[in-house]
Amino acid sequence: MGIGDGSPSETQHAAHKEKRDETTPLLPLKAEEEDRIHEFNGASFSGAVFNLSTTIVGAGIMALPASIKMLGIIPGILMIILVALLTEASIDMMVRCSHQAKITSYGWLMGDSFGQWGRIALQASVVINNIGVMIVYMIIIGDVLSGTSTTGVHHRGIFEGWFGPHLWNSRPVVLLATTIFVFAPLVSFKRLDSLRYTSALSVALAVVFVVITAGIAILRLIEGTAEIPKLFPEIHEINSIWELFTAVPVLVTAYICHYNVHSIDNELEDRSQTKPIVRTSLALCSSVYVATSFFAYLLFGEATLSDVLANFDSDLHIPFSSVFNDIVRVSYVVHVMLVFPIVFFALRLNLDGLLFPTSRHISHDNRRFTIITVSLLVVIYLAANFIPSIWDAFQFTGATAAVLIGFIFPAMIILRDSYGIATKRDKVLAVTMIVLAVLSNSVALYSDAMSIFYRKVEA
C-alpha cells in the first residue's frame with residue numbers, strides 16, 4: 001500500500017525514496033547522523049519548544065513595532081494573536097496529515113499530495129523566503145553598525161557614533177567585512193548540529209533586547225515622559241485603508257517556522273507532544289512579540305522606524321542612555337549574526353535540491369557546496385546594499401513565499417485530503433485561510449507597489 005490513497009501509481013511509489021532524498025533540505029537531519037538517531041532517546045519537551053521558538057523569533061520582531069504604529073495598539077495586538085492562532089491551525093493540519101501517512105518532511109508531504117510540482121513549489125518558496133529573511137538580517141546589521149537614512153533623517157550607526165563617519169565604517173564596507181569574516185566561516189559548517197551553541201546564545205541575546213526595551217519604556221511611563229500611543233489607526237482617505245494591509249506580510253513572516261516543524265517532530269519519542277509543543281512555542285513567541293511591539297512603540301511613538309533598532313541612537317531620557325542604546329543594538333546584531341547560518345543552512349540545501357535533484361547530497365560535494373555558498377552570499381550582500389529598508393524586503397517575501405509556506409500550502413493539503421482525515425471544520429478553516437491570505441496579501445502587494453511608484457514619481 002502507498003502513502004496517501006490506496007492505489008498510487010508505480011511511478012509515485014517508486015519516487016517515494018527519491019522524494020525523501022530530495023526533501024532532505026526541509027528536514028535538517030544529516031545523512032551521516034542516521035546511525036546515531038537509533039541511539040537517540042528523543043528530544044525533551046523544553047528542548048523542542050526552545051528549537052521551534054528559535055525558528056520563529058528572528059528579524060520579524062524588529063518590524064513589528066512599525067506594524068503596531070500603523071495599525072494602532074489594539075488592532076495591532078489583536079492581529080499578532082490572530083496570526084498566531086492561524087499559524088497553530090495550519091501547523092496542526094500539516095502534522096496530522098504527516099502522522100497519518102508516516103511522512104517525515106514538509107517537502108515529502110507536498111510531493112505526496114501534489115506530485116513533483118508540489119514539492120518544487122514548496123522548495124522554491126522556502127528559497128525565496130529564506131533569501132528575503134537573510135537580506136533583512138544583513139540590512140539590520142548595516143542599519144545598526146553603519147546607520148540608515150531611509151526616512152530622510154540620518155540615524156547614526158554604532159561605528160559612526162564611536163569613531164565618526166569614515167570610508168571603513170560605511171555600509172558597503174562593514175557588510176562586506178561581516179560577510180567575509182563572520183558569515184563565511186559560520187555557513188561553511190556542513191552539519192546543523194555544529195551551530196547548536198550559537199543558536200542558544202542568539203536566543204539569550206534576543207531576550208536581553210526585549211527586557212531592556214520593556215524596562216526603559218516602563219521607567220519612562222512612570223516618569224511621565226513616554227508619548228501616549230494611539231489605540232487605533234488614523235484613516236484620512238481610502239489610501240490609508242490600503243496602507244494598513246501592508247502590515248499583514250510582516251506579521252505573516254514573523255511566524256513562519258513550518259519548514260522546521262517536521263525536524264522537531266521527528267526527534268520526539270512521543271509524537272503526541274507535537275501539538276502542545278507548537279502551542280507553547282507560539283504562546284511564548286506571541287508574548288515576546290506583543291511585549292516588544294508595545295514597549296518599543298511606547299518608547300519611540302510615531303518616530304518608530306521600520307527597523308526599530310535604528311531608533312536606538314537617540315537620547316532615551318534615562319541615565320546612561322548611550323550605554324543602554326549600545327547594549328541593545330550590539331546584543332541584537334550579534335543575535336542576527338548567529339541566527340543567519342541556521343537559516344542559510346536550509347536555504348542552501350533547498351536551492352541545491354531544486355538545481356540538482358538527482359545529485360548526491362551537497363555535503364559530499366565540496367565544489368558544489370562552495371559554489372552555491374559563495375553565490376548565495378554574494379546575492380544577499382548585493383541585495384542588502386540596494387534594498388532601502390527591511391519593510392520593503394518583508395513586503396515581498398511575506399506577501400509571496402511566506403504566505404504560501406505558512407497558510408496556503410497547508411490549507412491545500414487539508415482540502416486535497418489524500419489521507420481521509422479532514423473534518424468539515426478543517427475544510428471551512430482551510431478555505432477561510434486561503435481567502436484571507438490571498439485577499440490581504442494581494443492588497444498589500446498592490447499598496448506597496450503604488451507606494452514605490454509614487455516615491456519614484458516624486459523623486
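The values are calculated or read from the model by the stated rules, or taken from the named source; none is laboratory data. Note that the structure is a prediction, hence the values are computed from the model and not measured. Cβ sites come from the backbone with ideal geometry, for glycine too, and all protein chains shown count toward neighbours. Side chains are part of the model used for accessible areas, which takes the heavy atoms of the whole protein and leaves out ligands, DNA and RNA. Shrake-Rupley method; radii C 1.70, N 1.55, O 1.52, S 1.80 Å.
Tabulated data
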{"item": "Residue count for region 258-300, restricted to those that are at pLDDT below 85 and part of a helix (DSSP H, G or I)", "result": "9"}
{"item": "Scope region 333-365; condition among the β-branched types (Val, Ile, Thr) and either closer than 16 Å to residue 144 by Cα or open to solvent by 50 Å² or more (accessible area, probe 1.4 Å) (or both); matching residues", "result": "333, 334, 336, 358"}
{"item": "Residue in region 245-260 that is farther than 30 Å from residue 103 by Cα and open to solvent by 30 Å² or more (accessible area, probe 1.4 Å) present", "result": "yes"}
{"item": "Residue that is nearest to residue 296 (Cα to Cα), among those in region 72-94 that are hydrophobic (A, V, I, L, M, F, W, C) and open to solvent by 20 Å² or more (accessible area, probe 1.4 Å)", "result": "77"}
{"item": "Residue, nearest to the chain's Cα centre (by Cα), within region 323-332, restricted to residues that are in contact (Cβ under 8 Å) with a residue 24 or more places away in the chain and surrounded by fewer than 22 Cβ atoms within 10 Å (Cβ to Cβ)", "result": "331"}
{"item": "Those helices (runs of 4 or more DSSP H) lying entirely in region 72-174 with at least 2 residues out of contact with any Pro (no Cβ under 7 Å at 6 or more places or on another chain) and at pLDDT below 85", "result": "106-146, 158-163"}
{"item": "Criterion: crowded, with 20+ Cβ neighbours inside 10 Å and in contact with a Cys (Cβ under 7 Å, 6 or more places away or on another chain) - qualifying residue of 64, 109", "result": "109"}
{"item": "Members of region 394-448 that are open to solvent by 20 Å² or more (accessible area, probe 1.4 Å), at pLDDT 90 or above and under 27 Å from residue 347 (Cα atoms)", "result": "404, 408, 412, 434"}
{"item": "Subset of region 292-308 (residues that are open to solvent by less than 30 Å² (accessible area, probe 1.4 Å) and of a type in the set (A, V, I, L, M, F, W, C))", "result": "296, 298, 299, 300, 305, 308"}
{"item": "Checklist (1) under 29 Å from residue 282 (Cα atoms); (2) in contact (Cβ under 8 Å) with a residue 24 or more places away in the chain; (3) surrounded by fewer than 14 Cβ atoms within 10 Å (Cβ to Cβ) applied to residue 225, failing item", "result": "(1)"}
{"item": "Of all residues in region 322-373 being of a type outside the set (D, E, K, R) and in a loop (DSSP other than H, G, I, E, B), the one that is modelled with the highest pLDDT", "result": "356"}
{"item": "Subset of region 310-322 that is open to solvent by less than 60 Å² (accessible area, probe 1.4 Å) and out of contact with any Asp or Glu (no Cβ under 6 Å at 6 or more places or on another chain) - its residue that is nearest to residue 227 (Cα to Cα)", "result": "316"}
{"item": "Selected residue (criterion: nearest to residue 312 (Cα to Cα)) from residues of region 217-247 that are at pLDDT below 80 and part of a helix (DSSP H, G or I)", "result": "247"}
{"item": "Pairs where the first residue, in region 66-78, is among the charged types (D, E, K, R) and the second is open to solvent by 40 Å² or more (accessible area, probe 1.4 Å), C-beta under 7 Å, 6+ apart", "result": "69/302"}
